[in-house]
Amino acid sequence: MRTPAVELNVPRPGPYLYLFLRELSVAWPGGLTRKNGGDRTGSGIRTHTSFRTTDFESAASTVPPSRHAADSMVRAGMTRRIERKIFRINDEIERLLGEEKLVFEELQYHRHIADDARRDAAVGNADDRAFARETERDVPRFERALSDLRRRRSDLEEERTRLLNRLGEL
């Protein structure tokens, strides 16, 4: 029996890992492993050093990014997060609009049934009056559901406006 493949959720390396590895390569000019260079100091626990010297330009290129560059990377990350939130909010607003339309149509249907039931109860018997009372309870229930949907949509639209303003400030 084959075992199912396991999907690992490993984060992708960010810009700081790249900077760390770049600084590490300057600290050990020969790299992390010595290939074809042999062991210049013999065996033991001493650190292997290279005879090559680094020039000024290569050492200067490993200087960490300036505060401005780091701030711009943070801003870019915040911008992407805000954009993803806005997209999710837009999807939720679209879903709520569709649900709001369905609830509104069903509310209209129940109002029509309740109106017919009231007319039948005025000229009918006790069963018609009982049915009219039951159908009258459905109308406020759907009105509450519709107002809740509209309130949730309004809250999401306010949140979207707030995020758009924040995005404009970045």
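Does residue 149 qualify as being modelled with pLDDT of 95 or more, aliphatic (A, V, I, L, M) and either surrounded by 13 or more Cβ atoms within 10 Å (Cβ to Cβ) or not in a loop (DSSP other than H, G, I, E, B) (or both)?
In short, yes.
Failed condition for residue 71, given (1) under 30 Å from residue 166 (Cβ atoms); (2) at pLDDT 90 or above; (3) not small (Gly, Ala, Ser), with all others met?
For residue 71, the exception is condition (2).
Quick check on segment 65-77. Is at least one of its residues in contact with a Pro (Cβ under 9 Å, 6 or more places away or on another chain), outside any helix (DSSP H, G or I) and not basic (Lys, Arg)?
yes
Of the residues 131, 104, which single one is assigned to a helix (DSSP H, G or I), touching a residue at least 24 places away in the same chain (Cβ under 8 Å), of a type in the set (Phe, Trp, Tyr) and surrounded by 14 or more Cβ atoms within 10 Å (Cβ to Cβ)?
After applying the criteria, what remains is 104.
The values are calculated or read from the model by the stated rules, or taken from the named source; none is laboratory data. As the structure is a prediction and not an experimental result, all values here were calculated from the model. Glycine gets a Cβ as well: all are built from the backbone with ideal geometry, and neighbour counts include every protein chain shown.
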